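Beneath this line is the structure, given in structure tokens, with notes to follow.
The values are calculated or read from the model by the stated rules, or taken from the named source; none is laboratory data. Computed from a predicted model, the values in this text were never measured in an experiment. Cβ coordinates were reconstructed from backbone atoms using ideal geometry, including for glycine residues, and neighbour counts include every protein chain displayed. To get the accessible areas, we keep the full protein, side chains included, count just its heavy atoms, and leave off ligands, DNA and RNA. Shrake-Rupley method; radii C 1.70, N 1.55, O 1.52, S 1.80 Å.
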Amino acid sequence: MRIMLAPMEGVVDHTMRDMLTRIGGIDRCVTEFVRVTNQLLPRRVFYRLCPELKQGGTTPSGVPVYVQLLGGQPDPMAANAHRAAELGAPGIDINFGCPAKTVNRNDGGSVLLREPQRLYNIVSAIRSAVPTATPVTAKIRLGFEDHSLLADITDAIFAAGANELTIHARTKVDGYKPPAYWQHIHAIQAKAKIPVIANGEIWTPQDYQRCLIESGCQDVMLGRGLLTRPDLARQIQTLNRGETVTSMCWSDIAQHLAQFSLVTEEMYEAKYVGSRVKQWLSYLRQAHPMGQQLFEQVKRMRCPQEIYQTIEQHREHYLLTKAV
Ligand SMILES: Cc1cc2nc3c(=O)[nH]c(=O)nc-3n(C[C@H](O)[C@H](O)[C@H](O)COP(=O)(O)O)c2cc1C
């Protein structure tokens, strides 16, 4: 029963992967996407999106990070997969789910779900280009307009030799609108000879339980739920052990946020630090009322140090008022 951290462009970079895997319960991560057009990309592109390649392909807590490729041409995709594997990627993940118009217009992401044969060509080219020991995984949606091609899409990916398949249980047209249709995964995972990972709309341990029942899957991938409840994977593990689930207290979450602010300050230009912290906070506030309070305090701030100090003061104040 594994839990994967979902790839999220512009949100789950190596600093976020580090924060969330430190908190625990996550078995695997995926990078933001490497956009492949018609050429072999320089090594620095892979190191920028996956600095973990310099540390054995894992986060500092030892969780493997697969390199995500996005593109529609089998040969360049295969050449770049080969390069990623050569640089030490513990696995290659192929993005067949991205709904973005610019990506779809440029022959990548979910638009490829209309052409199962092309999915086959891409996956099999990548499978042949990397060592047998390097897993090749694909991530799809249920389809583009509807899920009528789902069986053809998944058969193509299985036949091409993918090692695992993640299904975000919505079509491209569904976008991110709830619900996720976990039940459509059931028939696919029942016939699959490789692990099928269910994804979409798992926000709580209770959602997780319903998702397992409806999809029939053992493994799940969590995206926004983990950003909103950073200990969600740990809560699920506790649940799976049959123990009582408790949530991480707000002061610990705020401490991680302060730490995230410091780490991003070292990594990014000052103008980006605040927006990354506010971005995470905008997820956190969905489950934590104190997050909303803190968001109101920092939302107009630009200076990274001011944001950091405000988070620390907020935390101290929270601890004091809690103790009274
Ligand atoms: C901001 C954002 C960026 C995303 N970027 C990617 C991506 O690069 N590759 C990908 O396969 N899916 C991407 N996704 C989709 C997620 O991996 C996941 O499938 C989706 O959010 C549903 O899972 P969730 O309900 O647990 O968040 C992205 C989603 C969001 C919200």
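Listed conditions (1) over 30 Å from GLY291 (Cβ atoms); (2) assigned to a helix (DSSP H, G or I) are all met by GLN235, apart from (1). Among the candidates GLN189, GLN183, GLN209, the residue that is without any contact (Cβ under 8 Å) to a residue 60 or more places away in the chain and open to solvent by less than 80 Å² (accessible area, probe 1.4 Å) is uniquely GLN189.
With respect to the conditions (1) touching a Leu at 6+ places or on another chain (Cβ under 6 Å); (2) within 14 Å of the ligand (Cβ to nearest atom), GLY88 lacks only one, and its number is (2). Looking only at residues in region 190-223 that are in contact with a strand residue (DSSP E or B) (Cβ under 6 Å, 6 or more places away or on another chain), among the aliphatic types (A, V, I, L, M) and assigned to a loop (DSSP other than H, G, I, E, B), the one that is farthest from THR238 (Cα to Cα) is ILE194. Is it true that some residue in region 273-280 is over 20 Å from ASP231 (Cα atoms), in a helix (DSSP H, G or I), more than 21 Å from the chain's Cα centre (by Cα) and not basic (Lys, Arg)? Yes: region 273-280 contains one or more residues that are over 20 Å from ASP231 (Cα atoms), in a helix (DSSP H, G or I), more than 21 Å from the chain's Cα centre (by Cα) and not basic (Lys, Arg). Whether a residue is at pLDDT 95 or above, within 11 Å of the ligand (Cβ to nearest atom), charged (D, E, K, R) and touching a helix residue (DSSP H, G or I) at 6+ places or on another chain (Cβ under 9 Å) was assessed, and GLU9 does not pass this test.
Taken over region 197-238, the criterion of being within 11 Å of the ligand (Cβ to nearest atom) and aliphatic (A, V, I, L, M) is satisfied by ILE197, ALA198, ILE202, VAL220, MET221, LEU222, LEU226, LEU227, LEU232. Among the residues of region 212-227, those identified as without any contact (Cβ under 8 Å) to a residue 60 or more places away in the chain and in contact with a helix residue (DSSP H, G or I) (Cβ under 6 Å, 6 or more places away or on another chain) are GLU214, SER215, GLY216, CYS217, GLY225.
Return yes when LEU70 is within 15 Å of the ligand (Cβ to nearest atom), in contact with a helix residue (DSSP H, G or I) (Cβ under 7 Å, 6 or more places away or on another chain), open to solvent by less than 30 Å² (accessible area, probe 1.4 Å) and under 16 Å from VAL34 (Cα atoms) and no when it is not. Considered against the rule, which asks whether it is within 15 Å of the ligand (Cβ to nearest atom), in contact with a helix residue (DSSP H, G or I) (Cβ under 7 Å, 6 or more places away or on another chain), open to solvent by less than 30 Å² (accessible area, probe 1.4 Å) and under 16 Å from VAL34 (Cα atoms), LEU70 comes out as yes. Screening GLY25 with (1) open to solvent by 20 Å² or more (accessible area, probe 1.4 Å); (2) in a loop (DSSP other than H, G, I, E, B); (3) more than 14 Å from the ligand (Cβ to nearest atom); (4) more than 21 Å from GLN73 (Cβ to Cβ) gives one miss only, at (1).
Applying the selection to region 127-145, what residues are closer than 21 Å to CYS211 by Cβ and either away from the ligand (no atom under 15 Å from the Cβ) or open to solvent by less than 10 Å² (accessible area, probe 1.4 Å) (or both)? Of everything in region 127-145, those that are closer than 21 Å to CYS211 by Cβ and either away from the ligand (no atom under 15 Å from the Cβ) or open to solvent by less than 10 Å² (accessible area, probe 1.4 Å) (or both) turn out to be THR137, ALA138, ILE140, ARG141, LEU142, GLY143.
Say whether the condition of being open to solvent by 10 Å² or more (accessible area, probe 1.4 Å), among the hydrophobic types (A, V, I, L, M, F, W, C) and under 13 Å from the mean Cα position of the chain (by Cα) is met by at least one residue in region 94-108. Checking region 94-108: at least one residue is open to solvent by 10 Å² or more (accessible area, probe 1.4 Å), among the hydrophobic types (A, V, I, L, M, F, W, C) and under 13 Å from the mean Cα position of the chain (by Cα).
Looking across region 284-324 at every residue that is among the hydrophobic types (A, V, I, L, M, F, W, C) and open to solvent by 90 Å² or more (accessible area, probe 1.4 Å), the one that is farthest from the chain's Cα centre (by Cα) is identified as VAL324. Would you confirm, using the coordinates I've provided, whether LEU113 is aliphatic (A, V, I, L, M), within 14 Å of the ligand (Cβ to nearest atom), crowded, with 22+ Cβ neighbours inside 10 Å and in a helix (DSSP H, G or I)? It is true that LEU113 is aliphatic (A, V, I, L, M), within 14 Å of the ligand (Cβ to nearest atom), crowded, with 22+ Cβ neighbours inside 10 Å and in a helix (DSSP H, G or I). Filtered by the rule that a residue be of a type in the set (Gly, Ala, Ser), crowded, with 17+ Cβ neighbours inside 10 Å and under 30 Å from ALA192 (Cβ atoms), region 218-276 gives GLY223, GLY225, ALA233. Taking region 139-161 as the range and being assigned to a loop (DSSP other than H, G, I, E, B) and without any contact (Cβ under 8 Å) to a residue 40 or more places away in the chain as the test, the residues that pass are PHE144, GLU145, ASP146, HIS147, SER148, LEU149, GLY161.
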